[in-house]
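The values are calculated or read from the model by the stated rules, or taken from the named source; none is laboratory data. Just so it is clear, the model here is predicted, and its values are computed rather than measured. All Cβ positions, even for glycine, are placed from backbone atoms using ideal geometry, and neighbour counts span all protein chains on display.
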Amino acid sequence: MTAALKSAVIGTGVISKQHLSFLQESELANIVGVCDLSPAAASYAANTFGAAAAYTSYTEMLEKAKPDVVHILTPPKTHFPIATDCLQAGSHVICEKPVAPSYSEFKDLWQVSQACDRILIEDHNYRFNSPVRAIKNWVEDGTLGDIQDVEIRIALNLRGGGRYADKNLPSPSHKMPAGVIHDFITHLSYLLLEFLPDIDFNRISAAWSNHAKDDLFKYDDLDALIIGVGGTHGRLRFSCYTAPDCFSITVRGNKGYAETDLFQPYLRCVKPRSGGQQLSPLVNHFVNGWSLMSASARNFKNKVMQKTPYEGLHYLLGQTYQAVSAGQTPPINFNDMARTSQLVEALLAEKNRL
Ligand SMILES: NC(=O)c1ccc[n+]([C@@H]2O[C@H](COP(=O)([O-])OP(=O)(O)OC[C@H]3O[C@@H](n4cnc5c(N)ncnc54)[C@H](O)[C@@H]3O)[C@@H](O)[C@H]2O)c1
């Protein structure tokens with residue numbers, strides 16, 4: 001039996017529920033502290049998830065609780081200084097995206113992690129959702145052939161209500177360089193890189209628009225074209241206007257294509273079937289129709305059980321804790337984070353704007 005790692009959480013807002021429920025259930029973790037600037041939020045999280053203590057100062061928590069692993073779940077602009085302090089205090093860091101505001105600051109933070117001999121991980125949770133892992137397997141085993149075209153699309157009616165639409169208490173995301181879309185752009189980027197790893201950073205065009213032209217939203221639409229080194233195509237879309245909400249991924253190769261929607265998970269794979277060229281379209285319809293029906297039943301059950309699209313986060317945290325406990329390589333490495341950060345930067349660069 002491996003001894004449980006001492007875990008702590010900084011920031012007990014919306015996403016902390018996912019990290020804390022993982023920690024509460026995992027045999028590899030023991031929650032030694034939670035911290036939030038709000039004492040009420042910190043003690044609520046401590047009571048709900050069984051943490052040993054609640055703090056309002058993370059430096060005090062680092063000193064007293066001496067965590068092996070810290071989850072940084074605060075707003076993006078705080079990640080860099082907090083992660084630096086945690087690494088220097090001797091803790092491994094799992095940080096919510098974006099881990100740093102720029103590629104160069106990411107590299108600085110990585111240097112700190114290396115100098116302190118600690119793990120630094122940016123949360124790339126959707127890479128680990130089961131439909132994404134299934135499509136990845138089809139890419140790796142050659143089912144889809146050579147990958148030519150990848151499209152990742154998020155449609156969210158953020159203007160329709162909720163915290164991003166609140167004018168009286170504006171979300172801190174509005175202040176980020178890409179406004180609220182910045183909160184989602186890391187997901188779009190690491191997912192594209194998962195299927196199109198060789199991106200030519202000099203062939204990127206991004207159209208950022210604000211359809212409503214109001215004061216709150218900087219942008220409400222992103223349409224980006226990314227050309228791969230061998231001429232492959234990637235497209236990233238974020239839209240507050242198209243309906244219904246979706247998080248769709250389509251990966252097309254020269255043998256077939258696969259698609260999913262992470263908000264209503266299903267898997268569709270269109271490829272040559274054993275019936276030959278004539279019967280393949282029919283067999284594809286039959287097989288995919290059946291998998292859509294099973295997905296509907298599964299998604300209905302998930303709705304009733306109040307399951308969220310965060311299954312990938314739980315998987316990633318499980319893999320990370322196993323790696324840290326066994327002294328092995330974590331599931332997200334320098335290259336994953338560096339290229340994601342470079343792609344985010346390229347999408348924002350003035351020279352690449354349409
Ligand atoms: N991976 C995902 O799918 C996903 C989903 C949602 C949010 N996020 C990311 O998680 C992070 C947090 O997002 P959220 O939606 O939970 O935000 P939130 O605003 O709900 O919560 C942030 C919390 O951090 C606390 N905080 C701020 N500064 C602090 C400090 N110095 N010390 C202690 N506590 C501090 C705030 O009081 C607040 O309770 C962001 O980086 C966001 O992009 C990721």
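Here are some notes:
- The helices (runs of 4 or more DSSP H) falling completely within the range 29-128 that include 3 or more residues that are in the same structural domain as GLY11 (by TED's automatic domain parsing), within 14 Å of the ligand (Cβ to nearest atom) and in contact with a strand residue (DSSP E or B) (Cβ under 9 Å, 6 or more places away or on another chain) map to 39-49, 58-65, 79-88.
- Test set (1) surrounded by 15 or more Cβ atoms within 10 Å (Cβ to Cβ); (2) farther than 20 Å from LEU354 by Cα - PRO244 fails condition number: (1)
- Selection status of ARG159, within 20 Å of GLY312 (Cα to Cα), out of contact with any strand residue (DSSP E or B) (no Cβ under 8 Å at 6 or more places or on another chain) and surrounded by fewer than 21 Cβ atoms within 10 Å (Cβ to Cβ): no
- Scanning the range 81-95 for residues that are touching a Leu at 6+ places or on another chain (Cβ under 6 Å) and either surrounded by fewer than 21 Cβ atoms within 10 Å (Cβ to Cβ) or more than 19 Å from PRO330 (Cβ to Cβ) (or both) gives a single hit, ALA89.
- The set of residues in the range 258-309 that are out of contact with any Ser or Thr (no Cβ under 9 Å at 6 or more places or on another chain) and within 16 Å of the ligand (Cβ to nearest atom) comprises LYS307, THR308, PRO309.
- Highlighted here are the strands (runs of 3 or more DSSP E) found entirely within the range 169-280 that include at least 1 residues which are basic (Lys, Arg): 199-209, 233-239, 246-253, 268-270.
- Enumeration of residues in the range 137-168 that are part of a helix (DSSP H, G or I) and within 30 Å of ASN254 (Cα to Cα): ASN137, TRP138, VAL139, GLU140
- Note on the range 1-28: residues that are of a type in the set (Asp, Glu) and assigned to a strand (DSSP E or B) total 0.
- Cβ pairs under 9 Å, 6+ apart, first in the range 303-317 and part of a loop (DSSP other than H, G, I, E, B), second of a type in the set (Val, Ile, Thr): TYR310/ILE15
- SER21 vs. criteria outside the structural domain of ALA178 (by TED's automatic domain parsing), under 26 Å from VAL180 (Cβ atoms), away from the ligand (no atom under 13 Å from the Cβ) and surrounded by fewer than 15 Cβ atoms within 10 Å (Cβ to Cβ): no
- Hey, ALA45 surrounded by 22 or more Cβ atoms within 10 Å (Cβ to Cβ) and without any contact (Cβ under 8 Å) to a residue 60 or more places away in the chain or not: yes
- Tally, over the range 331-354, of residues that are outside any loop (DSSP other than H, G, I, E, B) and in contact (Cβ under 8 Å) with a residue 12 or more places away in the chain: 16
- Check on LEU313, over 21 Å from VAL112 (Cα atoms), surrounded by 16 or more Cβ atoms within 10 Å (Cβ to Cβ) and of a type in the set (A, V, I, L, M): yes
- Number of the exception - ALA295 against (1) surrounded by 12 or more Cβ atoms within 10 Å (Cβ to Cβ); (2) at pLDDT 95 or above: (2)
- Looking across the range 1-13 at every residue that is over 20 Å from LYS64 (Cβ atoms) and in contact (Cβ under 8 Å) with a residue 12 or more places away in the chain, the one that is nearest to the ligand (Cβ to nearest atom) is identified as GLY13.
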